[in-house]
Amino acid sequence: MGSDLINDDSFTRALFTAASDLVHEDLEKLCLHGPARRLMNARFLQPALVAVCLGYWHRLVENGIQPDVVLGHSLGEITSLAAAGIVTPEVCLQIAAKRGELMDIVAQNCRGGMLAILFVPPATVERLIAEIGEEKRLVLANDNATEQVVISGESLLLDRIASRITREKLGKCRRVEVVGPWHSPFMDESRDIFEEWVASIPFLPPKLPVIFNATAAPEYDTSKIKQLVSWQLTCPVFWRSCMETLKTMGVDILYEIGPQRILSGLARINGFKKGTIIHNINSLRGIDRVAAYTSAD
């Protein structure tokens, strides 16, 4: 993950050094050589992923590409804080490391995870959750698109709802590769700890709009931003609504920054079709292509 940046970009290498010091682990070595199982620990994965995304973001800015609005899905929202000038990249790493540390504690204390459900309307998924009747142990975690949601909770309950969806041929299910039940009541205690911790972290007013997961709307008050970032640990990610907000703002060029292309696909599903340009920024070559495209335009 991020091998081209780590080997070529001094800004990114400095971020990895800072992140490694925070978590007492050589994150550069872990990203380049694994083992992947250890990298999946949230306390390592989250600051490492933020460092990679900020590295690509920094190279975009160096190439003269400035965003008009930013947003991120779950952890990506933390990266957006730095992209909007609310915190420095170094402070962004501190936030990601603390967030990951608290999430790992939850993962160690419960047998939980997340389940992606495809081709089933969100209202139907919520009905199935309600019928199980375990509102503290099984919840909607991500409303990603009209027929793509993610639920979070105890593993046995995830298996139960997946079996029903398969048995009744309602749609398709697959486990999400995470180590815990994120965006659920299992994170309540961690949210309280994080909210108290982040209170002393200096936040600046955003230099550009940030659309937040919990409200699908921009926020400019720094105290409210801290609350939104904290409560995101237990609240669903309303990504479908975030996409609607982008459309109302007239956005027609999107840049997805990160190792995969999941958000690009979600953008298409959520109505960013013909006429919308989507750039995937997951390599330095990709940035070169975008810079050349922008210059030609």
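Here, each number is a calculation from the coordinates, and none is a lab measurement. The model shown is predicted, which means the values in this text are computed figures rather than measured ones. Virtual Cβ from ideal backbone geometry, glycine too; neighbours counted across all protein chains shown.
Within segment 173-195, if we keep just the residues that are of a type in the set (A, V, I, L, M, F, W, C) and not in a strand (DSSP E or B), the residue that is nearest to K224 (Cα to Cα) turns out to be F194.
Within segment 148-162, is there a residue that is assigned to a strand (DSSP E or B), within 19 Å of the chain's Cα centre (by Cα) and loosely packed, with under 15 Cβ neighbours inside 10 Å?
Restricting attention to segment 148-162, the residues satisfying the condition of being assigned to a strand (DSSP E or B) are 148-154.
Checking which are within 19 Å of the chain's Cα centre (by Cα) leaves us with 148-153.
In the following step, the residues that additionally are loosely packed, with under 15 Cβ neighbours inside 10 Å were identified as none.
Looking for residues that are assigned to a strand (DSSP E or B), within 19 Å of the chain's Cα centre (by Cα) and loosely packed, with under 15 Cβ neighbours inside 10 Å, one finds none in segment 148-162, hence no.
A Cβ distance below 6 Å, combined with a sequence gap of six or more or placement on separate chains, defines the contacts here; from segment 137-152, residues that are under 12 Å from P185 (Cα atoms) and in contact (Cβ under 8 Å) with a residue 40 or more places away in the chain reach residues that are assigned to a strand (DSSP E or B) and of a type in the set (S, T, Y) in the pairs V139/S152; A141/S152. Quick one: is C53 in a helix (DSSP H, G or I), touching a residue at least 24 places away in the same chain (Cβ under 8 Å) and out of contact with any strand residue (DSSP E or B) (no Cβ under 9 Å at 6 or more places or on another chain)? No; evaluated as a whole, the condition is false for this residue. Restricting segment 83-113 to residues that are outside any loop (DSSP other than H, G, I, E, B) and among the charged types (D, E, K, R) leaves a set whose member that is surrounded by the fewest Cβ atoms within 10 Å (Cβ to Cβ) is E90. When R174, R167 are checked against the criterion of being more than 15 Å from H73 (Cα to Cα) and free of Cβ contacts under 8 Å to residues at least 12 places away in the same chain, a single residue qualifies: R167. The sole residue among L204, L233, L246, L170 that is farther than 23 Å from V125 by Cβ, of a type outside the set (V, I, T) and in a loop (DSSP other than H, G, I, E, B) is L204.
Within the bounds of segment 56-64, is there any residue that is crowded, with 22+ Cβ neighbours inside 10 Å and under 17 Å from P209 (Cβ atoms)? For segment 56-64, residues crowded, with 22+ Cβ neighbours inside 10 Å and under 17 Å from P209 (Cβ atoms): present.
Is it fair to say I269 is surrounded by fewer than 20 Cβ atoms within 10 Å (Cβ to Cβ), among the β-branched types (V, I, T) and without any contact (Cβ under 8 Å) to a residue 40 or more places away in the chain? Please lay out each step first, then the result.
Numbers: surrounded by fewer than 20 Cβ atoms within 10 Å (Cβ to Cβ): yes; among the β-branched types (V, I, T): yes; without any contact (Cβ under 8 Å) to a residue 40 or more places away in the chain: no.
It is false that I269 is surrounded by fewer than 20 Cβ atoms within 10 Å (Cβ to Cβ), among the β-branched types (V, I, T) and without any contact (Cβ under 8 Å) to a residue 40 or more places away in the chain.
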